[in-house]
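Structure, as structure tokens:
The values are calculated or read from the model by the stated rules, or taken from the named source; none is laboratory data. Keep in mind it's a predicted model, so treat the numbers as computed, not measured. So basically every Cβ, Gly included, is an ideal-geometry build from the backbone, and we count neighbours across all protein chains shown.
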Amino acid sequence: MLFLLFSNGALYQWIAEQWYKEYDRPLPERKQYTYGIVLGGYSYWDWKRSRPEFSEIADRLLEGIRLYKHGRIRKLVLASDGSIIESKDGKGLQGNAADMKQYLADLGMPLEDVILETRANNTWENATFTLELIGNSMKTESTLLITSATHMRRSLWTFHAAGLNPDTYITDTFPEIKGEKTNFLPSWHVLAS
């Protein structure tokens, strides 16, 4: 019974949508943000091939770039993703911030508008290190927090605890796909989520 309950995709989707539905709204019309903070977890640096490898939550970065290109945000802040993180001891996970910046430039991002926070290992450090890097202007300038839908509630609580009050923009939602029927069959993928 537990397996059937916790592997039910339709039930998982409904619960997740309840968790993030208060953040599932469009941005205020014509509002421009000084900073768009994209929380990490969407890539790792592939040292063998010298490029980032993206995960299933790459929408975070893609939407940040899109919002920048549409003039909704002026500075894109990447908050410590696996592709840019600096290992404190040189032994742990390590990204390649310089080459990731070049990768973003190749995608058409002006480097003067990209800010990399390269030290954080969790959401609390994302908030505090980003504030430390940018300074108190984050408390007065308009800021947009960009992360996955199910991660937003916890992320926003963390940023509030650090004294920041960003607007929110969610990614990685459950899209409504025309013609797809609701599936109640057990799924290992749902169980792993």
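The residues in the range 16-35 that are of a type in the set (D, E, K, R), part of a loop (DSSP other than H, G, I, E, B) and in contact with a Ser or Thr (Cβ under 9 Å, 6 or more places away or on another chain) can be counted, and the count is 3.
Residue check: Ser87 meets all listed conditions (1) of a type in the set (Ser, Thr, Tyr); (2) touching a residue at least 12 places away in the same chain (Cβ under 8 Å); (3) not in a helix (DSSP H, G or I) but one, namely (2).
Within the range 93-107, the set of residues being surrounded by fewer than 17 Cβ atoms within 10 Å (Cβ to Cβ) and among the hydrophobic types (A, V, I, L, M, F, W, C) comprises Leu93, Ala98, Ala105, Leu107. Can you tell me which residues in the range 157-168 are touching a Phe, Trp or Tyr at 6+ places or on another chain (Cβ under 8 Å) and either part of a helix (DSSP H, G or I) or surrounded by 22 or more Cβ atoms within 10 Å (Cβ to Cβ) (or both)? Matches in the range 157-168: Thr158, Ala161. If you go through the range 120-137 and keep only what is in a loop (DSSP other than H, G, I, E, B) and surrounded by fewer than 19 Cβ atoms within 10 Å (Cβ to Cβ), you end up with Asn121, Asn122, Gly135, Asn136. On the given criteria, is Tyr68 under 16 Å from Ile170 (Cα atoms), over 14 Å from the mean Cα position of the chain (by Cα) and of a type in the set (Phe, Trp, Tyr)? Judged against the criteria, Tyr68 is a match. Consider Leu145 carefully, then state whether it is touching a Phe, Trp or Tyr at 6+ places or on another chain (Cβ under 7 Å) and modelled with pLDDT of 95 or more. Yes. Of everything in the range 125-146, what is in contact with a Leu (Cβ under 8 Å, 6 or more places away or on another chain) and of a type in the set (A, V, I, L, M)? Give them in sequence order. Within the range 125-146, Ala127, Leu131, Met138, Leu144, Leu145, Ile146 meet the criteria.
Filtering the range 94-119 to residues that are out of contact with any Ser or Thr (no Cβ under 6 Å at 6 or more places or on another chain) and in a helix (DSSP H, G or I) leaves Ala98, Asp99, Lys101, Gln102, Tyr103, Leu104, Ala105, Asp106, Leu111, Glu112, Asp113.
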